[in-house]
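**Q** Quick one: structure below, then a few questions.
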Amino acid sequence: MGIQKTLAAAIGVALLLSPKAVAEELDIKKEIYCLATNIYFESRNQPQVGRVAVGQVTMNRVNSTKFPNTVCEVVKQARYYPSGEIDLHSCQFSWYCDGKSDVVRNQKAWNDSLYSALFVYTSDPLLDVVDGALWYHATYSSPAWAKHFEKTVQINEHIFYKERKQ
């Protein structure tokens, strides 16, 4: 099945399963595009499980009261200057405001990211390979914030975290 037919089928399933999406005709295409873009730029070099994990963190944030309520708002969450310009390197997902081009250059990786986004967007939230993680970082970095959270899992080149239980 081609990517367009798969997208159409997934949107159909999502509309059937989500009355809110039907009522608002939520921009499902836009949400899936934002999710796929985040997966592409954050994990295009990862196998399927790694791409799904990044997508699930994005969706976990959408479902958390600590983050915005839509995929696109979560992906684009950043600090802005009074002028409206993005404060570079202040974004939740580094690719979004690193100053580099956000042009998709690898069509196979884009298709893989789109399939992963469709899977994550239409899957049961209980099928969460990152165990509720809201944050992650690459294995080659050691951010100071990580010590404040509970590690849930390492999947390939990413380490995932959630809030510590009180």
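The values are calculated or read from the model by the stated rules, or taken from the named source; none is laboratory data. Predicted model only: the values in this text are computed from it and were never measured. Don't worry about glycine lacking a Cβ; one is built from the backbone with ideal geometry, like all the others, and counts go over all protein chains shown. Ligands, DNA and RNA are excluded from the accessible area calculation, which covers all protein heavy atoms including side chains. Shrake-Rupley method; radii C 1.70, N 1.55, O 1.52, S 1.80 Å.
**Q** For the full complex of protein chains and a 1.4 angstrom probe, list TYR81, TYR140, TYR161 by accessible area with the highest value first.
**A** Most to least solvent-accessible, the answer reads TYR140, TYR81, TYR161.
**Q** Also: Within the range 47-166, count lysine pairs with alpha carbon atoms under 22 angstrom apart where the residues are 8 or more positions apart or belong to different chains.
**A** Close lysine pairs found across the range 47-166: 12.
**Q** Cα centroids of the range 45-112 and the range 115-160: how far apart, whole angstrom?
**A** 13
**Q** Suppose each label sits 7 Å from its Cα in the direction of the beta carbon; what would the THR70-ASN111 distance come out to in nanometres?
**A** Computed distance between label sites THR70 and ASN111 equals 3.0 nm.
**Q** Among the trypsin sites (Lys or Arg not before Pro) in the range 122-166, which ones are in a DSSP loop with at most 13 other Cβ atoms within 10 Å of the Cβ? Mind listing them?
**A** ARG164, LYS165
**Q** A follow-up question, please. Please arrange GLU31, GLU163, GLU85 by accessible surface area, largest first, computed with a 1.4 Å probe and ligands excluded.
**A** The most accessible residue leads, giving GLU85, GLU163, GLU31.
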